[in-house]
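> Okay, here's the structure, questions in a sec.
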Amino acid sequence: MKEIWQYADRARTQLGTADAPVISYTGLWLLLALVAPAAEGNAITKALGLPPEEARETAEKLIAEAHPTVTAALGAWLADWVEPTTPLPVTVDPLPDQETLDAWAAEHTHGLIQTMPVTIRPETMLLLATALVTTPKWAEPLLIEDGRLVLRKSLQAIVETSVGPVAVARPNSHDCVDVFSVIAAPEVPAEDVWVAVAEVVEQNAAGEVTHLTHPEDLTDGHAWTVKRERREYVAYDAPEPNSVVFTTRLPAWNADASHELDAAPGVASVADGIAALLPAQDGGIEISCAQNATAAYNQNGFKAAAVTAMAWMAGSAMPEYVERKIRHVQVSFDRPHAVIAIARGGAWEGIPLFEAWVTPEMFTTAVPDWALGMPIAVPTT
């Protein structure tokens, strides 16, 4: 869906989140779209790429759409002391305590997100939240060699893009979610790598990038080497003589991140539109928009979840302390790469669910399940 791709591009630039460990722009888009009719039409249309009513209808359809491995949900809660001056654009429940809200986040993300990204306070008037989770599994568990994942028959390619040649890997999955890993030359800035990611996904959808796609004159590159060698294969599974055979090594990794989203496109429009429906406060109405996200990639599959929340709070006429979340800045070195999860099928076709900028600090050692004595580990928040 081009509107969400375009929103992700604008939000990534506006927020400076090209190197975010994991983030879901779709989770934020859904939240804004569901209440878009309350915002000023031109501004929210420009932000979301669709007129308000169409944006809401699209978001409602996505949440209602059955998908094998993608689930989305909306939560809306209003404090019992607040009487809206005009009906709100969504049905609301009474605002519960923090523990209940955290339980909602856990329930709607299969336990991957344990806490709501905003903390309610006595002055909290309204809270809206979306949850988005995807859990595709690979068609076959990936091989493990020396603590790294090994792809052989899954999609592997060398693709020419506007930022130069990139290596692409996408494990096979029957769960209607494609998870692409894309690595560019080390001097290419993260924001430009995402340009290449979009090109790769578009070319793959058009059938222009498939397994073993590569330049005819392929030689050693920034993330690959080319050697002529002899290898033994089982006869029935042997490649043709002089053919190209790819073997790609990927890290297993996991990441958790919290994001302040007040400056994201469309947030101010929705904040002002909803605030106009709430009773006026002596100190005005303050808003907070944030997201908690998590993702894990290993030999069995990919898991990612995000809870995005927006709160309206009665401001104070007197200055008060302001709570600030601390963003942990990770130093990137070695070979960072981009990962994106794309939904396939039905109303979700082509929607970018999650992005991740994977750095060596996020790498984990891939260990066979039998050695762990348990299935894929899920990161906790």
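The values are calculated or read from the model by the stated rules, or taken from the named source; none is laboratory data. All values derive from a computational prediction rather than experimental measurement. Cβ atoms come from the backbone with ideal geometry, glycine included; neighbour counts cover every protein chain shown. These accessible areas exclude ligands, DNA and RNA; they are computed on the full protein's heavy atoms, side chains included. Shrake-Rupley method; radii C 1.70, N 1.55, O 1.52, S 1.80 Å.
> Give me the distance in nm between label points sitting 7 Å out from Cα along the Cα-to-Cβ direction at Glu202 and Asp80, one decimal.
So the two model labels end up 5.4 nm from each other.
> How big is region 162-302 on each of its three principal axes, counting only the C-alpha atoms and giving the largest first in Å?
79, 32, 27 Å, listed from the longest principal axis down.
> Continuing with this model, one more query. Please state the equivalent ellipsoid semi-axes for the chain: what are the square roots of 5 times the Cα gyration tensor eigenvalues, largest first, in whole Å?
Working: eigenvalues 348, 86, 68 Å².
Ellipsoid half-lengths, sorted descending, are 42, 21, 18 Å.
> So, one more: Assuming R0 = 51 Å, what is the FRET efficiency of Asp272 and Arg228, from their Cβ-Cβ distance, to the nearest 0.05? Walk me through the numbers on the way to the answer.
Details: r = 64 Å, r/R0 = 1.26.
Result of the calculation: an efficiency of 0.20.
> Multiply the residue gap between His110 and Glu60 by 0.36 nm, knock off their C-alpha separation, and tell me the result in nm, one decimal place. Write out the running numbers ahead of the final one.
Values: separation 50, 0.36 × 50 = 18.00 nm, distance 2.07 nm.
Gain on stretching His110 to Glu60: 15.9 nm.
> Starting from the 7 Å offset along Cα-to-Cβ, what nm value, one decimal, do you get for the label separation of Gln98 and Leu212?
5.7 nm
> For the chain, which whole-number percentage of the solvent-accessible area (1.4 Å probe, protein heavy atoms only) is attributable to carbon and sulfur atoms?
On the way: 9470 of 18170 Å².
Percent of accessible area from carbon and sulfur atoms in the chain: 52.
> Now, a different point. Suppose R0 equals 41 Å. What FRET efficiency, 1/(1 + (r/R0)^6) with r the Cβ-Cβ distance, do Gln14 and Val244 give to the nearest 0.05?
Details: r = 41 Å, r/R0 = 1.01.
The value I calculate is 0.50.
> Follow-up question, since we're still on this one. Taking only protein heavy atoms and a 1.4 Å probe, what accessible area per residue, in Å², does the chain have with all protein chains in place?
Details: 18170 Å² over 381 residues.
Counting only protein heavy atoms, the per-residue value for the chain is 48 Å².
> Another question about this same structure. Using the Cα gyration tensor of region 1-74, with a ≥ b ≥ c the square roots of its eigenvalues, what is the shape: rounded (a/c below 1.5), prolate (a/b larger than b/c) or oblate (neither)?
Details: a/c = 2.09, a/b = 1.06, b/c = 1.98.
Here region 1-74 falls in the oblate category.
> Additional query: Which value in deg cm²/dmol, rounded to the nearest 500, describes the helix-derived mean residue ellipticity at 222 nm for the chain, given -39,500 (n - 2.57) per DSSP H run of n ≥ 4 and division by the residue count?
On the way: 8 runs with 84 residues, N = 381.
Mean residue ellipticity, 222 nm, calculated: -6500 deg cm²/dmol.
> A further question on this structure: Give the share of C-alpha pairs in each 10 angstrom bin for region 65-182, from 0 to the last occupied bin, in whole percents, shortest bins first.
Over region 65-182, the share of Cα pairs per 10 Å bin runs 11, 27, 23, 19, 14, 6, 0 percent.
> Order these peptides, 11-21, 90-100, 138-148, by their mean beta-carbon neighbour count within 10 angstrom, highest first. Could you put the intermediate results ahead of the total?
Numbers: 11-21: 17.9, 90-100: 12.9, 138-148: 15.2.
Highest-to-lowest ranking by the protection proxy: 11-21, 138-148, 90-100.
> Still on this structure: Using only Cα atoms, figure out Rg for region 244-292 and give it as a multiple of 2.2 N^0.38 Å. Write out the running numbers ahead of the final one.
Working: Rg = 20.7 Å, N = 49, 2.2 N^0.38 = 9.7 Å.
For region 244-292, the normalised Cα radius of gyration comes out at 2.14.
> Here's another thing I want to ask about it. How far apart, in nm, are the 7 Å Cα→Cβ label points at Ser162 and Asp282?
Calculated label separation equals 5.4 nm.
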